[in-house]
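For reference, the structure is listed below as structure tokens.
Readers should treat all values here as calculations from the given coordinates under stated rules, not as data from a laboratory. Treat the numbers as computed from the prediction; the structure is a model and nothing was measured. Please note: Cβ atoms are built from the backbone with ideal geometry, for glycine as well, and neighbour counts cover all protein chains shown.
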Amino acid sequence: MSTEVTATRPLTRRVLRQAIRVFDNVATPTGVDRYLELVRPSWSTTEVRAKVVKVARTTPRTVTLTLRPNSNWAGFVAGQYTQLSVEIDGVAHTRCYSMTNAATDDSGLIELSVTAHPLGLVSQHLHRAARKGQVIRLTRAQGFFTLPSVEPEHLLLISGGSGITPVMSMLRTRNALGWTKPVTFVHYALTQSDMLYRSELETMARTAPGLRLVKVFTDEPGRGDLDGFLTATQLEQAEPAWRQSEAFVCGPDSLMAAARALFAEAGVSERLHTEAFTLGNITAEAGAVAGTLRFTESEFGVASDGAPILIQAEKAGLAPLHGCRMGICHTCTRQLCAGVVRDAVTGELTSGPDTNIRICVSVPMGDVEIDL
């Protein structure tokens, strides 16, 4: 009996998908999704949509969302992120957020924790307005900043601020898998009250085999296990075996720059894995390259100031479509009509004409024309 059921399920799914494609073609120009969402907003034939089933404001600046994604969600590996889209004043905005629950969780739910940044349009909106029952759009899980599939001999996790989110998923997954080899987790927060998951982590440090938790409160010296910022001396105090550890670091630019420098100086850069969802100051190298940035569709130009094209366009009064502002979601892709740009993330140079570029991370190198 069970063999027959197992065998027929794939066939049923194939027939259903074929039927949906037929209906989708018939339902032009809007497609079948626009009719399905009238019945249930989370239904979609292609998009990952998720219903908010719980909202918890866990620190003064943080909101934790528990989501139930639809069947287009395909799971994730601990450390990965999703691109979350919400509509604010009639405009869709996209940002990247890491899952924080264990990747082994079979409840069908995922958890995201969002820290409201002072200039963060989406994070401020979610912190203020996220509600139970709301439906939001996601992408399938992405990213290579992930927990190894085989337990390392020693794991070193370092995070700062909201960078704790992918690391929290790694720790929860590690515990769910029953791993027992040593892991040291160093976390930097401004204050005790600002530290996400503090109570859970303190309990975990007492009960999980092999886990050592090191807390650093940069605005409250003497309240944590160590004081100050990441240095060679501090890292030695936190974990003397850091050179032999598989290390994962997520947090502010200054934290990751310090980690890269320490691991490079020790000759073990290959052991360091990093992730960031913010760009540091990227105008310095290109700032000396004078030129005019011309917006061909708008028929005017400005003197380039060395910032990414998206920022310069916004300063000039334009409002290009964009999402993550990190070169991840590709929402801001536009056509480079002429000139050369530098990718602020990779350093790669790209020249026109008729080349698609992500304007949020593309810095003009001299005269540039962009389809805006």
Could the peptides 107-117, 222-232 be put in order, highest first, of the mean number of other beta-carbon atoms found within 10 Å of their residues? 107-117, 222-232
Two pseudo-spin positions, 7 Å from Cα along C-beta at Leu121 and at Ala316, lie apart in nanometres by 1.8 nm
R0 = 22 Å: FRET efficiency of Ser107 with Val150, Cβ-based, nearest 0.05? 0.30
List the lysines whose Cα lies under 25 Å from the Cα of Lys181, skipping any in the same chain that are fewer than 8 positions away. Lys215
Here the net charge surrounding Thr292, from other residues whose Cβ is less than 15 Å away from its Cβ (Lys, Arg +1; Asp, Glu -1), is -2
Testing the spin-label approximation: label points 7 Å from Cα along Cα→Cβ at Lys132 and Arg243. State their distance in nm. 5.4 nm
Calculate the length of the line joining the C-alpha centroid of segment 137-169 to that of segment 304-372, in whole Å. 29 Å
What lysines sit close enough to Lys51 to cross-link, taking a C-alpha to C-alpha distance under 18 Å and skipping anything fewer than 8 places away on the same chain? Lys132
Point-to-point label distance, Ala257-Thr180, nm (Cα→Cβ direction, 7 Å offset): 4.3 nm
To the nearest 0.05, the calculated FRET efficiency linking Val345 and Glu220 through their beta-carbon distance, R0 being 45 Å, is 0.85
Net charge dipole size for segment 84-180 [Lys, Arg +1 and Asp, Glu -1 on Cβ; Debye, nearest 20]: 300 debye
